Amino acid sequence: MTLRTLIVDPSADFRTIVRLLLLREWPGAQVTEWDPAVKGKPQLDKLAGPVDLVLLGWESGGTGLSGWTEAAVAACSTPLVLLAEAPPAESGAQCPPGSVTLGKRDLSQATLAAAVSRSIAGDGHTLPSGPLPTAHHTEAKHTAAPVISGIHIVRRLATGGMSTIYLAERGPQREVCALKLLDPALTDDEQFLRRFLDEYALLAKLKNRYVPEIYDQGITDQHVYIAMEYFPNGDLKARLADGMSPENALAMLQEVAQALVIVHSAGIVHRDLKPDNIMFRADNSLALIDFGIARESSAQTTVNRRGQVLGTPYYISPEQCLDQPVDGRADVYGLGVIFYEALTGERPFKASTVGGLLHQQVHSPPPALPDRLGRFQSLVHLLLAKQPEERLTAAELVAVLKIDFAGA
């Protein structure tokens, strides 16, 4: 069955985040947003037919449910999850019988999935017709190694939103490779399948030392996969966790900027540049991976047809947050966040909710660097400028580094 969900909350940012998390768990779900400030209050006691689940914003304080009465919420005949600004114990509010409450500051993919499952299966609610919807837990689905002719799976390396990557050996010579496998649950989804296939085409078009070498692409009755270069020295995320000197941070910035120059000169915008997607070979040369949401420069949207925001909130550019036209300077913004993190050990923008984080990306200037790093302050501002036209391009960044930071 298709899970039909209604999200009721006055914050458009928060509704977007909830929708994104829901669709990661249940890719086929039908998600409708309702802004009570614009549409007024939906009649919760009359939603049992068209809606299987209601997610309702709950304000903290004595007024309780965003202007809703306890009686109105208790009358809801549909499974209900209350998304509270603060836990009921802190706000002094009482949970309506049969509802499940989740604090907004505790919101994550796992906690939302648990709350939804508990609500649908909870006492006092009538289950929707048909089998109970199953959460889309990618890792669980890939516990058993896939079987693909000519490829031997060694172990799982990572699991993402739409794919799993395995360390594998291929061919009679048992050549080591990374095998990127599209989640089988998404192979019938035209958009996800096209995005996965496009990644192969983009990498084949780039074909340089700053992207993985591609060995093969295949489609079987059960699997869609890309076999590509394996990076034994891990990713930048692990190196940032260990700490990085300013000199090494600057060297990293220079190298990634050069990679972006080549990517952008091919007319491609990565759109999800983050430490996880910067990998190192055995000789410590780096490459950019995960071009799953990369697009030609002419493709501007950052929201897919399901309304999912594409990109990682900590590193996403302001124009991506606002679904505005995107060019290579969006990647430079992500690199600026990475550079700030490499220098300080912390990301420049932090918030308790994803909506709050996106708001900071759009509106908040980067924090000042410590005095010992003051020589990088103007560079950080050029990388993290909110308006793309005030931000450096990758080519300009390479030039600035050669002129102003040569030998630094």
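The values are calculated or read from the model by the stated rules, or taken from the named source; none is laboratory data. Fair warning: this is a prediction, and the values are worked out from it, not measured in the lab. Using ideal geometry, Cβ is built from the backbone for each residue, glycine included, and neighbour counts are taken over all protein chains shown.
Checked against (1) assigned to a helix (DSSP H, G or I); (2) touching a Phe, Trp or Tyr at 6+ places or on another chain (Cβ under 9 Å); (3) among the aliphatic types (A, V, I, L, M); (4) free of Cβ contacts under 8 Å to residues at least 40 places away in the same chain, VAL400 passes all but a single condition, namely (2). Checking each residue in the range 172-191 for being out of contact with any strand residue (DSSP E or B) (no Cβ under 7 Å at 6 or more places or on another chain) and in contact (Cβ under 8 Å) with a residue 24 or more places away in the chain picks out PRO184, ALA185, LEU186, ASP189, GLN191. Given the options ASP331, ASP404, name the one that is among the acidic types (Asp, Glu) and out of contact with any helix residue (DSSP H, G or I) (no Cβ under 6 Å at 6 or more places or on another chain). From the options ASP331, ASP404, the qualifying one is ASP404. For the residues ARG4, ARG24, the requirement of being under 18 Å from ALA185 (Cβ atoms) and in contact (Cβ under 8 Å) with a residue 12 or more places away in the chain singles out ARG24.
Can you name the residue in the range 216-237 that is in a loop (DSSP other than H, G, I, E, B) and modelled with pLDDT under 85 and is also surrounded by the fewest Cβ atoms within 10 Å (Cβ to Cβ) among such residues? Among those that are in a loop (DSSP other than H, G, I, E, B) and modelled with pLDDT under 85, it is ASP221. Of all residues in the range 132-168 being crowded, with 17+ Cβ neighbours inside 10 Å and over 28 Å from THR312 (Cβ atoms), which is modelled with the lowest pLDDT? In this case the residue turns out to be ILE148. Listed conditions (1) surrounded by fewer than 18 Cβ atoms within 10 Å (Cβ to Cβ); (2) touching a residue at least 60 places away in the same chain (Cβ under 8 Å); (3) not β-branched (Val, Ile, Thr) are all met by ALA368, apart from (2). Only a single criterion out of (1) outside any loop (DSSP other than H, G, I, E, B); (2) in the same structural domain as LEU343 (by TED's automatic domain parsing) is not satisfied by MET244, namely (1).
When the test is whether a residue is at pLDDT 75 or above and not in a loop (DSSP other than H, G, I, E, B), ARG118 passes it. Of everything listed in (1) assigned to a strand (DSSP E or B); (2) without any contact (Cβ under 8 Å) to a residue 40 or more places away in the chain; (3) surrounded by 18 or more Cβ atoms within 10 Å (Cβ to Cβ), the single unmet condition for TYR200 is (1). Checking every residue in the range 243-260 against the condition of being farther than 16 Å from MET279 by Cα, under 23 Å from the mean Cα position of the chain (by Cα) and either surrounded by 20 or more Cβ atoms within 10 Å (Cβ to Cβ) or acidic (Asp, Glu) (or both) gives zero matches.
Taking the range 203-215 as the search range and keeping residues that are out of contact with any helix residue (DSSP H, G or I) (no Cβ under 9 Å at 6 or more places or on another chain) and on the phi < 0 side of the Ramachandran plot, which one is surrounded by the most Cβ atoms within 10 Å (Cβ to Cβ)? Going through the qualifying residues, I end up with LEU203. Evaluating ALA266 against the criteria (1) surrounded by fewer than 21 Cβ atoms within 10 Å (Cβ to Cβ); (2) modelled with pLDDT of 90 or more; (3) in contact with a Lys or Arg (Cβ under 7 Å, 6 or more places away or on another chain) leaves one unmet condition, (2).
Please enumerate the residues belonging to the range 350-374 that are assigned to a helix (DSSP H, G or I) and β-branched (Val, Ile, Thr).
VAL354, VAL362
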